[in-house]
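The values are calculated or read from the model by the stated rules, or taken from the named source; none is laboratory data. From a predicted model like this one, the values you see are computed outputs, not experimental measurements. With ideal geometry, Cβ positions are generated from the backbone for all residues, glycine too; neighbour counts draw on all protein chains shown. Accessible surface is based on the protein model in full, side chains and every heavy atom, while ligands, DNA and RNA are left aside. Shrake-Rupley method; radii C 1.70, N 1.55, O 1.52, S 1.80 Å.
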Amino acid sequence: MKKYFLHREPRSFRVDYDKDLNPEQHAAVMHGEGPSLVLAGAGSGKTRVVTYRVARLIESGTPADSILLLTFTNKAAKEMLRRVELLIGANISDLFGGTFHHVANLLLRQHCGLIGYKQGFSILDREDSKELFDACIADMHKNATVLPKGGVLTEIKSLSRNTETPIEDIVVRRFSHFSNVIEEIRIISELYDNKKLRLNLLDFDDLLLGWKRLFTEHPGILKYYALKFRYILVDEYQDTNRLQAEIVDITAGPSGNLMVVGDDAQSIYSFRGADFENILKFPDKHPGSSIYKLITNYRSTPQILALANSSIAHNRRQFRKDLHAVSGAGELPYVVALRDVFEQAEFISSVVIDMNADSRPFEDMAVLYRSHFQSMELQMEFQRKGIPFEVRSGLTFFEQAHIKDVLSFLKLLANPRDEISWKRALKLIPGIGNITAARVFNFIRDAESPAETVFDAYILVPKKALDAFNHFLEMLSILKDQRFMASPSGAIDHVLHHGYEDYLYAAYPNAEMRLEDIQQMIKFSRRYDSLEKFLSEMTLQGLAAAAEGSDETEGRVVLSSVHQAKGLEWGAVFMISLSDGKFPSSKSLKNDEEEEERRLFYVGVTRAREALYLCYPLTTDDWQTVGIARPSRFIKELPENCFEEMTVEDV
C-alpha cells in the first residue's frame, strides 16, 4: 500500500515531553490503553498533541505500521507525519496516514473483489458523478426541466449515504423544491448505482461504504485489521459524519486503543452531513473512555476569550470548558451599532485603513460573515477605498455565475446587440447549447430590433427546447417594458421570478445561497433609478475586482464566511451583520439549530488574536422590507463587562 513518508536518515533523538508540552497536553499524549476523547479548545495546540502522541507511541516501541491516523485533508496528514519524523529522527513510512477516503482506497485496492468490484476500478470525482447522473437522466427520457441536474443529484445522493438517511427524507428536508419528483429521483439514483457497478466505477462515498461493507461482511478481514491497527487516532472528530464514525467504531471495537481529537464547541458542519452526536456521545459508545480537556489558549487575549466563554456557555448540550489565555491583557472587544449595511462597510473600511497606517498588515485582518451575500457592500466599499482584499468564501461577488446570468438579461435591455449577453441568456434555456445559441444570435444580430426579431427565432430551436424557449420569450416580452429601464430592482426581480429561480434550484446544490446573493443585489440596485447607471457601476466594480486579483504580491484583507475561516487566525477580526435572522440565520432558527449557530459565532470570535469588532446594522438589509433590525441574540446575551460599545463617531 502507498503511504505518506519522508526519506530521512535515522537519528537518535529523545523527545522531552515534560518540557515541550503543558500539563493538559502532556496528560493526553501519555494516555495508556483504551479509548480516549481529547477535547481540544480553540488555539490549544491540537496538532501538537496528535503529533506528540504518535511520537510517544513509536518511542514506546509501537511499530509505525500498527498506527492508523485519520485526518480530513491529506495535507494535514503529511504535515503531522513530517513533524513526527523531525521529533524522533526516524523514518515512519509504514504508518497509515491520510483522509478516510485515502485509507479506504488503499484497503479496497487489496480486497475489492470481496464486495463485488473488479480489480483496477476507477474513482469518480464530483464532476464525473455529475456527468454520470446527467447521463442517467437522459436514459430515462424524462423532461429534464422538471428534474434536478447532476450536481444537485450528486449532493442529494451523497448526503443520503453519509448520514444514512433515505433519499426521500433528504429531498423533503433539504431540497423541498423537488418533493413532487421524489420517485423519479429514486429511480435515477438506482440507475446511477447500476451504471457504476457495470462500468467498475466507485465514487467518493462508495469508498467509505466499501470500507464498512468489507469489515462488516467479512469478519476475518476485520479481525486482521483490528489486530494490525493497535492504535487509531482521528483528528477533527467533531466533523465526522455518521458513516465515518461507524467505520471508526467498527475498526477499533468498543474498547480498542482509539483516540479521537476535536472540539464539540467547533462542530459547525451539519449542512455537509457532520453529526454533532458523534463527539457528544463518544463516552457512551466507548465505556471507560478517558476524557482530556485542552483549555490553555495560545492565540487570543484574555478579553476575547472571556467573551467567547460567556457566549458558548449558553449552549446546553456540550462538554463545558472555559479557555484561559497565555497572552497578556488586551483591549475589550467592541460591539458596534451601524445605521445600515452601507455604514457598516464604511466603518470597517475606515478602521482597516487606520490599523494599516498603524503598521498592522492588511493580511493580518479579516472580515467574517454568516453568508457570502453579506459581503457585497463591503467588497464595493473596499474597491472604492483602494483596500486590497481576498475573498476566501468563493469568487468575488461580481465573478459568480448566477450574478453574471442575471446581469446578462439586464444588459439585453440596455444594449440589444450585446452578443455575449444574448448567448449567455440563451444557454440557460434547457436544450440550448453553444451551437443553437450562436444560430439564434446570428439570426437577430443585423435586425433593426434584435429584441423583437428573436420572437421569430423559434424555427432554429430544437423541439425539446421549444417550451422553455417560449417561456423565455414570455419573460422577455414583459422585461422590454420601458418602466424597467428606470427600475433595475424591478427588472432583476422579474428575471428571478420568471424562470431563473427554478433554474437555480435545478442547477445548484447551494441554490438558496445563490438566491440570497441575487436578493441582496435587488436591494442594492434600489439606489439606482437608471438601468444604464446600475449596469455601469456593477461592470466597473467587477473590472476593479478582477484587476486587483491579478496582483498576488500585495497583502490583502481576508473576507470569509466563518465556516471557511475555521482553523485560521488573524490579529484583528470584524464580524459583520450580527442581526437576528442573519446571524443566527432565520432558517437555522426555524430548524432548531440555534446551538450550532452559537458554535459558529464562537468559532468566529476565537479567530481573533488581539482585536475583535462585532458589528450589526440598526435597520434590516432584507431586500423585501425596510425596518428595524434586532441585534443578534448572541450579542444581547453577553455580559456587559466583556465588551465596549462603539459608535461611528468614535473612529
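Asp205 meets all of the listed conditions (1) within 24 Å of the chain's Cα centre (by Cα); (2) within 19 Å of Asp134 (Cβ to Cβ); (3) open to solvent by 40 Å² or more (accessible area, probe 1.4 Å) but one, namely (3). Can Ile156 be described as part of a helix (DSSP H, G or I) and β-branched (Val, Ile, Thr)? Criteria met by Ile156.
The set of residues in the stretch 107-130 being more than 19 Å from Glu246 (Cβ to Cβ) and surrounded by 12 or more Cβ atoms within 10 Å (Cβ to Cβ) consists of Arg109, Gln110, Cys112, Tyr117, Phe121, Ile123, Leu124, Arg126, Asp128, Ser129, Lys130.
For the condition open to solvent by less than 40 Å² (accessible area, probe 1.4 Å), among the charged types (D, E, K, R), in contact with a strand residue (DSSP E or B) (Cβ under 9 Å, 6 or more places away or on another chain) and modelled with pLDDT of 95 or more, Arg607 qualifies.
The number of residues in the stretch 464-502 being in contact with an Asp or Glu (Cβ under 8 Å, 6 or more places away or on another chain) and closer than 17 Å to Asp405 by Cβ comes to 2.
Results for (1) under 28 Å from Arg609 (Cβ atoms); (2) in a helix (DSSP H, G or I); (3) free of Cβ contacts under 8 Å to residues at least 40 places away in the same chain, shown as yes or no for each residue.
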{"residue": "Ser349", "(1), (2), (3)": "yes, yes, yes"}
{"residue": "Asp354", "(1), (2), (3)": "yes, yes, no"}
{"residue": "Phe382", "(1), (2), (3)": "yes, yes, no"}
{"residue": "Asp405", "(1), (2), (3)": "no, yes, no"}
{"residue": "Ser408", "(1), (2), (3)": "no, yes, yes"}
{"residue": "Ser421", "(1), (2), (3)": "no, yes, yes"}
{"residue": "Ala425", "(1), (2), (3)": "no, yes, no"}
{"residue": "Glu448", "(1), (2), (3)": "no, no, yes"}
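Kindly indicate whether Ala506 is modelled with pLDDT under 85, in a helix (DSSP H, G or I), of a type outside the set (D, E, K, R) and within 35 Å of the chain's Cα centre (by Cα). No, not satisfied.
Checked against the criterion of being part of a loop (DSSP other than H, G, I, E, B) and at pLDDT 85 or above, the stretch 469-488 contains one or more residues that satisfy it. For the stretch 221-235, the condition holds for at least one residue, the condition being that it is within 27 Å of Lys566 (Cβ to Cβ) and either β-branched (Val, Ile, Thr) or without any contact (Cβ under 8 Å) to a residue 60 or more places away in the chain (or both).
Checked against the criterion of being assigned to a helix (DSSP H, G or I), touching a Phe, Trp or Tyr at 6+ places or on another chain (Cβ under 7 Å) and more than 30 Å from Gly220 (Cβ to Cβ), the stretch 104-123 has no qualifying residue.
Could you check the stretch 83-103 and list, in sequence order, the residues that are part of a loop (DSSP other than H, G, I, E, B) and more than 19 Å from Arg230 (Cβ to Cβ)?
Filtering the stretch 83-103 down to residues part of a loop (DSSP other than H, G, I, E, B) leaves 89-95.
Selection gives Gly89, Asn91.
Against the conditions (1) at pLDDT 95 or above; (2) assigned to a helix (DSSP H, G or I), Phe342 satisfies every one except (1).
Could you pull out the residue among Arg230, Arg198, Arg213, Arg173 that is over 22 Å from Cys136 (Cβ atoms), open to solvent by 30 Å² or more (accessible area, probe 1.4 Å) and at pLDDT below 90?
None of the other options fit; the residue is Arg173.
A single member of Ser60, Ser36, Ser66 is more than 26 Å from Ala306 (Cβ to Cβ) and in contact with a Lys or Arg (Cβ under 6 Å, 6 or more places away or on another chain), and it is Ser66. Of all residues being of a type in the set (Lys, Arg) and crowded, with 22+ Cβ neighbours inside 10 Å in the stretch 44-58, which is nearest to Lys293 (Cα to Cα)? Just the residue, please. So the residue we want is Lys46. The residue pairs whose first member lies in the stretch 522-549 and is under 20 Å from Pro388 (Cβ atoms) and surrounded by 13 or more Cβ atoms within 10 Å (Cβ to Cβ), whose second member is of a type in the set (Phe, Trp, Tyr) and at pLDDT below 75, and whose beta carbons are closer than 6 Å, counting only pairs six or more residues apart or on different chains, are Gln541/Phe398; Gly542/Phe398; Ala545/Phe398. Of the residues that make up the stretch 59-73, is at least one in a helix (DSSP H, G or I), modelled with pLDDT of 90 or more, open to solvent by less than 20 Å² (accessible area, probe 1.4 Å) and more than 20 Å from Ile279 (Cβ to Cβ)? Within the stretch 59-73 (the criterion being in a helix (DSSP H, G or I), modelled with pLDDT of 90 or more, open to solvent by less than 20 Å² (accessible area, probe 1.4 Å) and more than 20 Å from Ile279 (Cβ to Cβ)), the answer is yes, since at least one residue qualifies.
Of all residues in the stretch 621-635, how many are modelled with pLDDT of 75 or more and either surrounded by fewer than 10 Cβ atoms within 10 Å (Cβ to Cβ) or in a loop (DSSP other than H, G, I, E, B) (or both)? Break it down stepwise before answering.
From the stretch 621-635, those modelled with pLDDT of 75 or more are 628-635; that's our starting set.
Next, from what is left, pick out any that are either surrounded by fewer than 10 Cβ atoms within 10 Å (Cβ to Cβ) or in a loop (DSSP other than H, G, I, E, B) (or both): 628-630, 632.
So the count comes out to 4.
When we screen Gly431, Gly330 for residues that are over 30 Å from Val454 (Cβ atoms) and assigned to a loop (DSSP other than H, G, I, E, B), the only hit is Gly330. One residue stands out in the stretch 258-300 among those that are part of a strand (DSSP E or B) and open to solvent by 30 Å² or more (accessible area, probe 1.4 Å): the one that is nearest to Glu569 (Cα to Cα), namely Lys293.
Would you mind finding the one in Ala437, Ala425, Ala401, Ala414 that is under 27 Å from His372 (Cβ atoms), among the aliphatic types (A, V, I, L, M) and open to solvent by less than 30 Å² (accessible area, probe 1.4 Å)? Quick ask: steps written out before the conclusion?
On the way: Ala437 fails: under 27 Å from His372 (Cβ atoms); Ala401 fails: open to solvent by less than 30 Å² (accessible area, probe 1.4 Å); Ala414 fails: open to solvent by less than 30 Å² (accessible area, probe 1.4 Å).
Matching residue, one of Ala437, Ala425, Ala401, Ala414: Ala425.
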